[in-house]
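Take a look at the structure below.
Please treat every number below as a calculation from the coordinates, not as lab data. Because the structure is a prediction, the values reported are computed rather than measured. We place every Cβ from the backbone using ideal geometry, glycine too, and count neighbours over all the protein chains shown.
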Amino acid sequence: MSPAPDHDAVVIGAGFAGLYMVYRLRQDGFRVLGVEAGDGVGGTWYWNRYPGARCDSESMYYSFSFLPDLEQEWPLEERYPTQPVILRYLQTVAERLDLLKHFVFGARVTSVRFDDQAGHWTVRAGDQLAVTARYVITATGALSAANWPRFPGAGLFEGEQYSTASWPAEPVSLAGQRVGLIGTGSSGVQVLPELARQAQSVTVFQRTAQFVTPARQEPLDPRFVALWKANYQEIRRRTKFTPGGIPIPSPVRSSGELSAAERTALCEEAWRRGGIWFLDGTFSDAVTSQEANAIVAGFVRAKIGEIVTDPATAEKLKPWTHAWGTKRVPVGSDYYETYNRPNVSLVDLRQDPVEEITARGIRTRSGEHPLDVIVYATGFDALTGSIERLRIEGRNGERLEDAWASGPFTYLGLMIPRFPNLFTITGPGSPGVVTNVPVAIEQHVEWIADLLGYAREHGRETIEAEPGAAAEWTAHVQAVANMTLFPTADSWYMGANIPGKPRVFLPYIGGLDVYRHRCDEIAAGGYPGVALSGPAGGLVAVAAPAEVQGTAEAGHDFGLRDRGAGRPVPG
Ligand SMILES: Cc1cc2nc3c(=O)[nH]c(=O)nc-3n(C[C@H](O)[C@H](O)[C@H](O)COP(=O)(O)OP(=O)(O)OC[C@H]3O[C@@H](n4cnc5c(N)ncnc54)[C@H](O)[C@@H]3O)c2cc1C
C-alpha cells in the first residue's frame, strides 16, 4: 500500500482564491498546505504596487461576501480601492482567519507531478519544498504570469528597468528622470498619469491605441456607505446572480431601437458616470453588433479628439485596430488629459517600431529616445500562463502544455481530463476575468470544496473530468464567444499577446449567473461529467445528461443573445 500523502490538498497561491480555498477546505476538515511565491499574501495586490495601481471594480463589490463582520468594519472611502487598500484588506482577512500559519511563503512551485501508482501529486518548489497531496488546486491567478517582451538589447540598458507586475515595495524615485513607458493596456493607463507627475519626462511607446473609459474616482459619501452596509448581505446575494458579478442594471435596448439623439444622450450619461456604467451601460448589443459597436467606438474617438489638444497626438491615440470592448477596456484617471502635459510624448509603434534597446534608451525606426528608466506595462500570459508555468504532469507523465497544445481543454474551467484531482481557479474556460473576479472565485472555491466533500462522503478518492464533458464545455466556451465580436480582436482574451500561443478565446463569457446555474445543476445531479473512483479502484462515472451534452452544437445560447452576452466588465 502506498504511504498516505503529506496533505489532503495543496493550494498554490495566496491571493483572493488561495486564501478562500485554504480557509474553506480547513473548515471542511481537510489537511491543507498553501504555497505562495511571494513573501506575503495578496496575489495581484502584493505584486502590482506601481503608482496609480487600483481596481476598476468599485470598493463595495471588491471583497469577500462570507465575512459579514469584516464587511461592516471595513472602511469604504473611495469609489475604487487602491492597491495598498486591497493589500491591507487581504492581509486583514488572512490574520482574522488565522491562515498565515497554513502557508509556506517565498516558495515558487516549479513542478507538479501525478504519481499513477500512489494516486497522489508531488508538488515541488525548487529545492525548497517537496510535498505530496491527494488534491492540488491552482489559485495562481489569471493575470499573474507577467509577460516580458524580448526586445533586442534589453540587457544592455544602463538605466533602471521596472515591470508594473512586480513593482518594488519601497518607493521608486523618478524625480528628474526621463522615463520610457512600454505598454498602454490597463496597467499602462493607470501608471502613466503618476509617472508624468513625478518624472522629468515620459515617452509612451504605444503598440495599440485603447478605448479608455474615465474612472471618475471620488470619495464615497458616508451616508451612501451607511445605507450600503445596512443592506450589504442582500446586495451580495443579488450580486451572485448577475452576469458580471456587479449588480447594475444591464442595458435593455439595442442601438437600433434608439434615435441618434437618444444614443448620444445615453453614451454621454454613461461617460459622465464612468467605469462600469460606460462599460456595461450603453446598448444591449454593444459587443454583438458591428453597427452598435461602431457607435460606441465613434463616441470614444470623438471624446479623445475633444480632450487631447494636439491633433496629431489625438489621432495616434484613437483606436482603429479592434472593436470597442473586445480587448479589456482600461479604466483611467486623467489618461487622455495627461497627453496635454508638456513633459509627455507619444511614439506610435505601428508607424515607428522599436528596433532595439540601447545602453542609453530605446531606438525606434525614427531614432534613439534617451531614457534613464524603462517601465514595462506589457501585460500577462493570461489564464493559462500561471498554470502552465507550474510544469504539471498528469497520468502517465503527460505534460499539461502538450494536452493544451492547440488550446486549453477543461470541464467548466475547473478540471482537466487525465489530470485527476487537479482543480484550477479562474483558469481557461472560467468566467473569472470577465467578471468582478472575487465573486467568480467564491463560486469556484465553493463548488470545488463541495465536490471534494461529496467524494469523501462517497468513499471516493479520485476525481477526474471525463473527456466528453470537457469537449462539450470547451466547444461551448468557443461557441458563446463566437456570438460576439470578441474573437475578432488580437487580445489577451485570445492569447494574441503571447507569440506562439494558440489563438482561442480563453474565458467563458456566457455570464457568471448562467455558469453558476450550470455548476449547481451538475452538483445537484451527482456530478455528471466527473468520474469518481474509490480507493479500491471502483469507478463511478456518470455520463453528462442529454440537456448538458451538446449544447454548443445545438446552438443553445442560454438566452445570451437577449442578455447581451459577454459585455465587458472589470476583471
Ligand atoms: C493590475 C490589475 C488590475 C486588476 N483589476 C481588477 C478589477 O478591477 N476587478 C477585478 O475583478 N479584478 C481585477 N484584476 C484581476 C485580479 O487578478 C483578481 O481580481 C484577483 O486579485 C485574483 O486573485 P487570485 O487569487 O485568483 O490570483 P492572484 O491575485 O493573481 O494570486 C495568485 C498568486 O499565486 C501565486 N503564484 C503564481 N504562480 C505560482 C507558483 N508557481 N508558485 C507559487 N505561487 C504562485 C502568485 O505569486 C500570486 O500571489 C486585476 C488584475 C491586475 C493585475
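Close amide H pairs (under 5 Å, H built 1.01 Å from N) link Ala531 with Glu464, Ala465, Glu466, residues at least 5 positions away or on another chain.
The GluC sites (Glu not before Pro) of the range 120-222 that DSSP puts in a loop, and whose beta carbon has at most 12 other beta carbons within 10 Å, are Glu158.
Among the chymotrypsin sites (Phe, Trp or Tyr not before Pro) in the range 77-109, those placed in a DSSP loop whose Cβ has at most 16 other Cβ atoms within 10 Å are Phe105. Computed over the range 285-404, the quotient of the alpha carbon radius of gyration and 2.2 N^0.38 Å is 1.48.
Treating each Cα of the range 205-356 as one equal point scatterer and applying the Debye formula with no solvent, the log10 of I(q)/I(0) at q = 0.12, 0.16, 0.21 Å⁻¹ comes out as -0.62, -0.98, -1.35. Here the range 323-435 is treated with +1 on each Lys and Arg Cβ and -1 on each Asp and Glu Cβ, and its dipole about the Cα centre works out to around 260 debye. Of the residues Leu512, Gly42, Ala146, the one whose Cα sits farthest towards the positive end of the charge dipole of the chain is Ala146 (charges of +1 on Lys and Arg Cβ, -1 on Asp and Glu Cβ, taken about the Cα centre).
The trypsin sites (Lys or Arg not before Pro) of the range 481-537 meeting both criteria, a DSSP state outside H, G, I, E and B (loop) and at most 12 other C-beta atoms within 10 angstrom of the site's C-beta, are Arg503. Would you work out if the range 381-477 is rounded, prolate or oblate? Take a ≥ b ≥ c from the square roots of the eigenvalues of the alpha-carbon gyration tensor; rounded if a/c is under 1.5, else prolate when a/b is larger than b/c, oblate otherwise. Cα axes put the range 381-477 in the oblate bin.
Placing +1 on the Cβ of every Lys and Arg and -1 on the Cβ of every Asp and Glu, with no other charges, gives the chain a dipole of roughly 480 debye about its Cα centre. With respect to the chain, whose longest principal axis is taken over its alpha-carbon atoms, helix 16-27 is tilted by about 20°. Taking only the C-alpha atoms of the chain, the Rg (one decimal) and the largest Cα-Cα distance, Dmax (whole number), read 23.6, 75 Å. Shown for Ser187, Ser284, Ser166: other C-beta atoms within 10 Å of each C-beta, ranked fewest to most, produce the order Ser166, Ser284, Ser187. Taking a ≥ b ≥ c as the square roots of the Cα gyration tensor eigenvalues, the range 1-66 comes out oblate, since a/c reaches at least 1.5 and a/b does not exceed b/c.
Across the range 419-475, counting alpha-carbon atoms alone, Rg and Dmax equal 12.6, 36 Å. Rounded to the nearest 500, the helix-only mean residue ellipticity at 222 nm of the chain stands at -9000 deg cm²/dmol, with each DSSP H run of n ≥ 4 adding -39,500 (n - 2.57). In the chain, Cα pairs under 8 Å separated by at least six residues give a relative contact order of 19 percent. For the range 116-156, what does the alpha-carbon gyration tensor say about shape, rounded, prolate or oblate, given a ≥ b ≥ c as the root eigenvalues, a/c under 1.5 as rounded, and a/b over b/c as prolate? Taking the square roots of the gyration eigenvalues as a ≥ b ≥ c, the range 116-156 is prolate.
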